[in-house]
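The values are calculated or read from the model by the stated rules, or taken from the named source; none is laboratory data. If you're wondering where the values come from, they're calculated on a predicted model, not measured in any experiment. Positions of Cβ are backbone-derived with ideal geometry, glycine not excepted, and every protein chain shown enters the neighbour counts. These area figures cover heavy atoms from the full protein model, side chains too; ligands, DNA and RNA do not enter into them. Shrake-Rupley method; radii C 1.70, N 1.55, O 1.52, S 1.80 Å.
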Amino acid sequence: MGGNEIVLFPLAAMGHLKPMVELGKLFLRQGLSVTILILQFPKFDNKPINSYIDTVSAANPALSFHRLSSPPSTVEAPTFIHHFRLAIPQLQDYLSCNSSATALVLDFFFDDAIDVINKMNPRLPCYFFFPTSASNLAAFLYLPFLHKEQTVSFKDLGDTPVNFPGFPSPIPAFDMPIRISDRSSEAYKAVIVQYDRLPKSSGIIVNSFRALEPKALAAIADGLCTPGRTMAPIYCVGPITSMDGQEHNETAGSERRHYSLEWLDGQPRGSVVFLCFGSMGGAFSEAQILEVAEGLERSGQRFLWVVRGSLPEVDLEAVLPEGFGERTKGRGLVVNWWAPQAAVLGHAAVGGFVTHCGWNSVLESIVAGVAMIAWPMYAEQRMNRVFLVEEAKIAAEMPGYRDGLVRSYEVEEKVRWLMESSGGKEMRARAAAVRERAKAAMREGGSSYEDMVKMVHSLTTAGGGERPTVDHLLSSTWG
């Protein structure tokens, strides 16, 4: 590829790959060439990723995907993070054979690469893409310093509040991600090194916008998260969500409009609660499915619920209460495994969203102006819950999520609160206002627009490439 070629290297997992692909589309709109490197491991289920890449490639032929060879299957990695550090030799080989790269944008899990790239080609700017919130970035950047100050693992602190600069309120130690809960584990040690490396990059690209997280961004800019160190520039270019309205169906390739959207067409405006829990977190036990069903039925609210069991195809009649479908007919729809989440959230009939708090889902809800009920499940989702509930105040906490089984009365009460109470009405109004701030950030002259202009200038000029003209940048169409 000629011209200004930007090489993106995402983690080949949906929560990381999809926003990186959308970032690549933004680069294309700036007149840049984009190559996305894909490295997969045979031990993981790669079918959904492969299908997604095929769909994106067909719709966006200018977006180039290049598959790297997998590391030898005989090589063992002690942790999840170490698995992806095995990718560094493949990245080196690619860059050695492709000298046209102007800049490299790495998923933050590939932190090892920055030292290697700096030795290989010190003139090649190397950026990290952070696909979750700026508040989480602030907390994680501070983690290496917190590590020096305390000797106790998070897992041994229970609900002890842990303070991070820029985070809206203390995080209960119990809510820290499992991979960093034990300071003696290899995973924890890898994370400490990981976030110690991020400030060494040419810049960190964050999928958020400045009006959403001013406290966290101010703390980072003031050096509170990296005391005594030089911090890389932060570029908030979000909310990056699906820009072309296309969503990938993991189980079918039909171009026909999904039947859930047709069902929503017949529902009153703002009347439906949407329940969907992501590609990894929503595989509920039969006991949990029963509790949710009973809570929804008793709530009296209209609902659209995506049910995931342990297998792609769930026998809904077998797992739902007997007669549930008939009793909720007309006001409720249960969908097996998948629905087009962004399109559903953008439908006028949807008035609330019960979510696992994955950041991609949060941003889709923000873009749609839909208030949330936070039911976090894994990774940094419990930290997202703190931000959404305590700081942004556009989500209410689902009681019982810590107990392993949310009870039907908890579902009933929280859903009814969001849709019927004065407090729920105020929250829905706040969500609508945040949507307007997100739109303003992405428009010409908005904060995310300006950060994108600065970032493109930085990553093209630092690498010796030609700077895109300002006229071309300002003519770009943002979501």
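Close Cβ contacts (under 6 Å, 6 or more residues apart or on different chains) running from residues in region 425-439 that are open to solvent by 80 Å² or more (accessible area, probe 1.4 Å) to residues that are among the aliphatic types (A, V, I, L, M) comprise ARG430/ILE394; ARG437/ALA211. Consider PRO19 carefully, then state whether it is modelled with pLDDT of 85 or more, part of a helix (DSSP H, G or I), under 23 Å from GLN194 (Cβ atoms) and open to solvent by 50 Å² or more (accessible area, probe 1.4 Å). So PRO19 fails the test. Reported count of residues in region 65-84, each being open to solvent by 40 Å² or more (accessible area, probe 1.4 Å) and either out of contact with any Asp or Glu (no Cβ under 9 Å at 6 or more places or on another chain) or modelled with pLDDT of 70 or more (or both), is 11. Would you confirm, using the coordinates I've provided, whether LEU137 is open to solvent by less than 40 Å² (accessible area, probe 1.4 Å), more than 28 Å from SER361 (Cβ to Cβ), in a helix (DSSP H, G or I) and in contact (Cβ under 8 Å) with a residue 40 or more places away in the chain? For LEU137, the condition - open to solvent by less than 40 Å² (accessible area, probe 1.4 Å), more than 28 Å from SER361 (Cβ to Cβ), in a helix (DSSP H, G or I) and in contact (Cβ under 8 Å) with a residue 40 or more places away in the chain - is not met. Run down SER447, SER458, SER422 and say which single residue is modelled with pLDDT of 95 or more, farther than 19 Å from SER242 by Cα and either crowded, with 20+ Cβ neighbours inside 10 Å or within 25 Å of the chain's Cα centre (by Cα) (or both). One residue alone meets the criteria, SER447.
Given the criteria under 12 Å from PHE129 (Cβ atoms) and not aromatic (Phe, Trp, Tyr), does ILE53 qualify? Steps first, answer last, please.
Working: under 12 Å from PHE129 (Cβ atoms): no; not aromatic (Phe, Trp, Tyr): yes.
Judged against the criteria, ILE53 is not a match.
Just to be sure before I move on: is ALA103 under 19 Å from GLY203 (Cβ atoms), modelled with pLDDT of 90 or more, not β-branched (Val, Ile, Thr) and not in a helix (DSSP H, G or I) in the structure I sent? The answer is yes for ALA103.
If you go through region 22-31 and keep only what is in a loop (DSSP other than H, G, I, E, B) and surrounded by fewer than 19 Cβ atoms within 10 Å (Cβ to Cβ), you end up with just GLY31.
Taking the condition of being out of contact with any Gly (no Cβ under 8 Å at 6 or more places or on another chain), surrounded by 24 or more Cβ atoms within 10 Å (Cβ to Cβ) and of a type outside the set (Ser, Thr, Tyr), how many residues in region 365-375 meet it? Number satisfying all stated conditions: 3.
Within region 176-223, the set of residues being open to solvent by 10 Å² or more (accessible area, probe 1.4 Å), free of Cβ contacts under 8 Å to residues at least 40 places away in the same chain and within 21 Å of LEU106 (Cβ to Cβ) comprises just one member, LYS189. Considering ALA339, ALA343, the condition of being at pLDDT 95 or above and under 19 Å from the mean Cα position of the chain (by Cα) is satisfied by ALA343 alone. The selection criterion, being at positive phi, at pLDDT 55 or above and not β-branched (Val, Ile, Thr), does not hold for GLY464. Here THR230 qualifies as of a type in the set (Val, Ile, Thr), over 19 Å from PRO321 (Cβ atoms) and either at pLDDT below 95 or open to solvent by 20 Å² or more (accessible area, probe 1.4 Å) (or both). The residues in region 157-175 that are surrounded by fewer than 17 Cβ atoms within 10 Å (Cβ to Cβ) and part of a loop (DSSP other than H, G, I, E, B) can be counted, and the count is 7.
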